[in-house]
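J.: One structure, as structure tokens, below. Some questions next.
The values are calculated or read from the model by the stated rules, or taken from the named source; none is laboratory data. This structure is a prediction, so every number in the text was calculated from the model and none was measured. Ideal geometry is used to build each Cβ from the backbone, glycine not excepted, and the neighbour counts take in all protein chains shown. Side chains included, ligands, DNA and RNA excluded: accessible areas come from the protein's heavy atoms. Shrake-Rupley method; radii C 1.70, N 1.55, O 1.52, S 1.80 Å.
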Amino acid sequence: MRPPVSRPAKPHLSFRMRPEDLLCPTPRGLFCPPADAYIDPMRPVERAFVTHGHADHARPGNDAVMATPETLAIMAARYGEDFCRTRQSAPYGKTTDVNGVKVSFHPAGHVLGAAQIRLEWKGFRAVISGDYKRAYDPTAADFEVVPCDLFITEATFGLPVFRHPPAEGEIAKLLDSVDLFPERAHLVGAYSLGKAQRLMKLLRMAGWEKPIHLHGAMVRVTETYQALGIDLGETVRVEPKERAKLGGAIVLCPPSALRELWARKFPDPVAVAASGWMRVRARARQKGVELPLVVSDHSDWDELRRTILDTGAEEIWVTHGEEDALVHWCGTSGLKARPLRLVGYGDEGEADETPLEEAAEA
Amino acid sequence: MNRFAFLLDRLSYEPRRNAKIRLMADYFRETPDPERGWALAALTGALSFRHAKPGMIRGLIMERTDPELFAMSYDYVGDLAETVALMWPGETRANRAPPLSEIVEGLHATAKLDLPKRLAAWLDALDETGRWALLKLITGSLRIGASARLAKTAVAALGESHKPDDVELVWPGLVPPYEDLFAWMEGRGERPFADDPAPFRPPMLAHPLEDADFRSFDPQAFVAEWKWDGIRVQASAGKDADGRHVARLWSRSGEDVSGAFPDLVEALTFDGAIDGELLILRDGRVQTFNVLQQRLNRKAVTPKLTAEFPAHIRAYDLLFEGGEDLRELPFSERRKRLEAFVAREANPRVDLSQIVSFEDWDGLAAARLDPASAGAGEDAAAVEGLMVKRHDSPYVVGRPKGLWFKWKHDPMTVDAVLMYAQRGHGKRSSFYSDYTFGVWTEDDEGEKLTPVGKAYFGFTDEELVELDRFVRKNTINRFGPVREVAHEREIGLVLEIAFEGIARSARHKSGVAMRFPRVARIRWDKPPHEADRLESLERLIEERENA
């Protein structure tokens, strides 16, 4: 038997913040103990900070949600007005104090309303990027570099083979194909939130003036975009009976719809898909895609690396995607990095992010 | 190069034949000489570059990237040319992308030691698609699903009145970049002179006899031969302008297969063109297709292989003799010329296809059912049916109506159980149309189904919709693109599978391999436990071996 030893409390000569004091990965998602809030929680929690409206980041059923006004509007449109008990709107750049933690939202360039969340506590700055891109997108606010000590990044396309070309060139490929096959319908599989609207806008900018036809699952979120001031020209919901008449049309649908019965009734349809994965031929072929367009709402390899360096962060955490390669690169660049291996976040186009009730409308 | 790369890119994803032709014709129409000619050479496999090898490409990328990142990327992408094309560092630097002609000429003219530098400069100047196309081009593995024949068809589409076979006929005499060919197609020049002494002539094909109301035909107007189960080939030989003897062996689709059968090509000492069946003969006996398959499976053609699997031609027809074109003559005339030709040549590698005599259609039907008694004797196992030809039929390119018929054996069938399904391609891309089927067997754990083959045709469009629905409703597991379908004693779907041949196979888990399996009938009425057993397939093999 050893007598109990009473340890004298160690005096803090100088307080040194550990990143883990501000943020720690949990099965429910990233948790911020001082603010008592989860970022993009995977299960309902009392307080959630939500980076953007994609279904794997923004889930219904939380008690209090803080997000940008656009993200809140998208969540309300998708889940209904009662998607949470209380909402707190956080316009880009506005700082809110939550239990002594300064919280602010900054443009992530991913989709309309998408934000990086900056947390500052006791002089330590962390930025959770959510999903982000730096390529041109006329439907989302431009990505903003937010200097920080800890940068938490995604790595969906975290391999050097992923370099996304300018989206305008990919749109030109689509329009070329419509020229070459004017009697066929071009079915473009694209994420219904963000990707689809970006494509519509880019098509308009490239001079496509005809109506753009939408699968039922695309309609509500597109209307939300339009209500939030994004002009997408004339969009028409595809009526089942009309499908056979849509030769020469451009039709947008969720990626999964390309291979459903729904797609068969169009005149000799061309299966088009717009996704960063389309960079890899085997991936496109596995999905039966005939015209792959490399258009992504995530950062490519070059953007990921540039952004990590731009933030000036000393420590990098990598949430989801191809984290091993990005962590390896950080190491070779003298940065401290670790993979969080968070599960539950889909990668572009792989998890079908269309909420069920919208898919059911199709 | 960018325009060509774009074409390859589109072709590699395009499943529809007609759309492929349109993409290529579109390219040939819009692209000037000599660019399009080099592209045509690449598409028809007429280019080869000795010095550019995968090792050189690997070396270039290793100098430019982190080896660990390269390894992770290669592992992910799974294709060297594609990985390198995507990873190649830096922005596109040059002001202009190198044209295809510059690359082709450069690849031929550059010394081996200087090639890596040259190649790197090109890769620097191209975008991802351009780099991919270049690397595929130099490694000689385009694999974009467009055959040489399809490319020639697209060339023919440039003109108003040309057929693919017109291109085929002049093709052997042409060299890249084919400016004379394009000029001819576009009505700006004369037909190029084909001076190849051993050219490919498009073959004449037959219709299934069952499709015709043949009982109303006059049997006296027809002649019958065995349809041998080998490879239909054309042996073409003659002397070139310098008096050198040239011989080639062509496949039915116009691929030059001489390289695979040097023993046979060497024996083609005549001047003319024979249409026949390539068969393996041992001591004068025709071997089954399974034996021929064993030779085809080997990559290297060694003396041991050619000695063990000696290739022969069984001659069906004579198209040319000396410089004389016999194709306009009636079959009976050509047959006389062929008999005299074979007798005169007395070539140990070339023999004559036997005529099957018959009085009436019932007599021919009896011969079809029992080739051994009707003249095929010990070779009967290598007979896959009958060819029935009109005496007066000229040799017409393609598949003319009413002249030649094939009357194949009824296929073998087995009742098997659907086990797995995968989506098809092209028009069927949204349907589960590739079916893995199995038969019952017993092991330590008891009765179970073992997969014995895959079928992806034989059903109608309506049946496909029903099969697709069945698969969707009865999926019990998913492995990537593959769905496992319920297959128990009482629950599951029985498919009657028809096939042309069956042999032992060490590569298949079940130990058997079927030739040409397809869905003959969907047995909605049959419970899975009534499907066939592996033993009955093994018995079929034994019967064939003993035949």
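J.: Would you check if B:K448 is in contact with a strand residue (DSSP E or B) (Cβ under 9 Å, 6 or more places away or on another chain), in contact (Cβ under 8 Å) with a residue 40 or more places away in the chain, part of a strand (DSSP E or B) and not aliphatic (A, V, I, L, M)?
T.: no
J.: Starting from residues that are open to solvent by less than 10 Å² (accessible area, probe 1.4 Å) and in a strand (DSSP E or B), keep the ones in the range A:47-57 and report whichever is farthest from A:D82 (Cα to Cα).
T.: The selected residue is A:F49.
J.: Taking the range B:78-97 on its own, how many of its residues are within 30 Å of B:G37 (Cβ to Cβ) and either under 34 Å from the mean Cα position of the chain (by Cα) or facing another protein chain (nearest Cβ under 8 Å) (or both)?
T.: Final tally of qualifying residues: 7.
J.: Please enumerate the residues belonging to the range B:10-44 that are of a type in the set (S, T, Y), more than 22 Å from the chain's Cα centre (by Cα), within 11 Å of chain A (Cβ to nearest Cβ) and open to solvent by 10 Å² or more (accessible area, probe 1.4 Å).
T.: Matches in the range B:10-44: none.
J.: Within the range B:164-211, which residues are at pLDDT below 85, surrounded by fewer than 15 Cβ atoms within 10 Å (Cβ to Cβ) and not in a helix (DSSP H, G or I)?
T.: Within the range B:164-211, B:F193, B:A194, B:D195 qualify.
J.: Considering only residues of the range A:251-281 that are open to solvent by less than 40 Å² (accessible area, probe 1.4 Å) and free of Cβ contacts under 8 Å to residues at least 40 places away in the same chain, which is farthest from the other protein chains (Cβ to nearest Cβ)?
T.: Going through the qualifying residues, I end up with A:M278.
J.: While we're on this one: May I ask you to say which residue of B:V342, B:V417, B:V397 is modelled with pLDDT under 90, among the β-branched types (V, I, T) and touching a strand residue (DSSP E or B) at 6+ places or on another chain (Cβ under 7 Å)? Reasoning before the result, please.
T.: Details: B:V342 fails: modelled with pLDDT under 90; B:V417 fails: modelled with pLDDT under 90.
Matching residue, one of B:V342, B:V417, B:V397: B:V397.
J.: Applying the selection to the range B:45-64, what residues are more than 14 Å from chain A (Cβ to nearest Cβ), part of a helix (DSSP H, G or I) and either charged (D, E, K, R) or open to solvent by 20 Å² or more (accessible area, probe 1.4 Å) (or both)?
T.: B:P54, B:G55, B:M56, B:R58, B:G59, B:E63 - these are the residues of the range B:45-64 that are more than 14 Å from chain A (Cβ to nearest Cβ), part of a helix (DSSP H, G or I) and either charged (D, E, K, R) or open to solvent by 20 Å² or more (accessible area, probe 1.4 Å) (or both).
J.: For the range B:21-32, does any single residue satisfy the condition of being in the same structural domain as B:P98 (by TED's automatic domain parsing), within 21 Å of B:W171 (Cβ to Cβ) and not in a helix (DSSP H, G or I)?
T.: Checking the range B:21-32: at least one residue is in the same structural domain as B:P98 (by TED's automatic domain parsing), within 21 Å of B:W171 (Cβ to Cβ) and not in a helix (DSSP H, G or I).
J.: With the range A:114-226 as the region, which strands (runs of 3 or more DSSP E) entirely inside it contain at least 3 residues that are within 21 Å of A:R338 (Cα to Cα)?
T.: A:115-121, A:124-128, A:150-155
J.: Report yes if some residue within the range A:194-202 is closer than 26 Å to B:E82 by Cα, within 11 Å of another protein chain (Cβ to nearest Cβ) and buried (at least 21 other Cβ atoms within 10 Å of the Cβ); otherwise report no.
T.: no
Matching residues to (1) within 24 Å of A:E260 (Cα to Cα); (2) β-branched (V, I, T); (3) part of a loop (DSSP other than H, G, I, E, B):
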{"position": "B:V465", "(1), (2), (3)": "yes, yes, no"}
{"position": "B:F470", "(1), (2), (3)": "yes, no, no"}
{"position": "B:E488", "(1), (2), (3)": "no, no, yes"}
{"position": "B:G492", "(1), (2), (3)": "yes, no, yes"}
{"position": "B:L495", "(1), (2), (3)": "no, no, no"}
{"position": "B:A498", "(1), (2), (3)": "no, no, no"}
{"position": "B:V519", "(1), (2), (3)": "yes, yes, no"}
{"position": "B:D525", "(1), (2), (3)": "no, no, yes"}
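J.: Of these, B:T44, B:T110, which one is touching a residue at least 24 places away in the same chain (Cβ under 8 Å), of a type in the set (S, T, N, Q) and over 30 Å from B:T153 (Cα atoms)? Let's see the steps before the verdict.
T.: Details: B:T44 fails: over 30 Å from B:T153 (Cα atoms).
One residue alone meets the criteria, B:T110.
J.: Testing A:I74 on (1) touching a His at 6+ places or on another chain (Cβ under 6 Å); (2) among the β-branched types (V, I, T); (3) in a helix (DSSP H, G or I), one condition comes back false. Which one is that?
T.: With (1) touching a His at 6+ places or on another chain (Cβ under 6 Å); (2) among the β-branched types (V, I, T); (3) in a helix (DSSP H, G or I) applied to A:I74, the lone miss is (1).
J.: On to the next question. Looking at A:Q88 and the list (1) open to solvent by 40 Å² or more (accessible area, probe 1.4 Å); (2) in a loop (DSSP other than H, G, I, E, B); (3) in contact (Cβ under 8 Å) with a residue 24 or more places away in the chain; (4) not charged (D, E, K, R), which single condition is not satisfied?
T.: Of the numbered conditions (1) open to solvent by 40 Å² or more (accessible area, probe 1.4 Å); (2) in a loop (DSSP other than H, G, I, E, B); (3) in contact (Cβ under 8 Å) with a residue 24 or more places away in the chain; (4) not charged (D, E, K, R), the odd one out for A:Q88 is (2).
J.: Additional query: Looking at (1) in contact (Cβ under 8 Å) with a residue 12 or more places away in the chain; (2) under 25 Å from A:H298 (Cβ atoms); (3) in a strand (DSSP E or B), which is the only condition A:P60 fails?
T.: So the condition that A:P60 fails would be (3).
J.: Does B:D317 count as of a type in the set (D, E, K, R) and more than 28 Å from B:D166 (Cβ to Cβ)?
T.: The answer is no for B:D317.
J.: Now for a separate question. Which of the residues spanning the range B:65-77 are part of a helix (DSSP H, G or I) and either loosely packed, with under 15 Cβ neighbours inside 10 Å or within 7 Å of chain A (Cβ to nearest Cβ) (or both)?
T.: Result: B:P67, B:E68, B:L69, B:A71, B:M72, B:S73, B:D75, B:Y76, B:V77.
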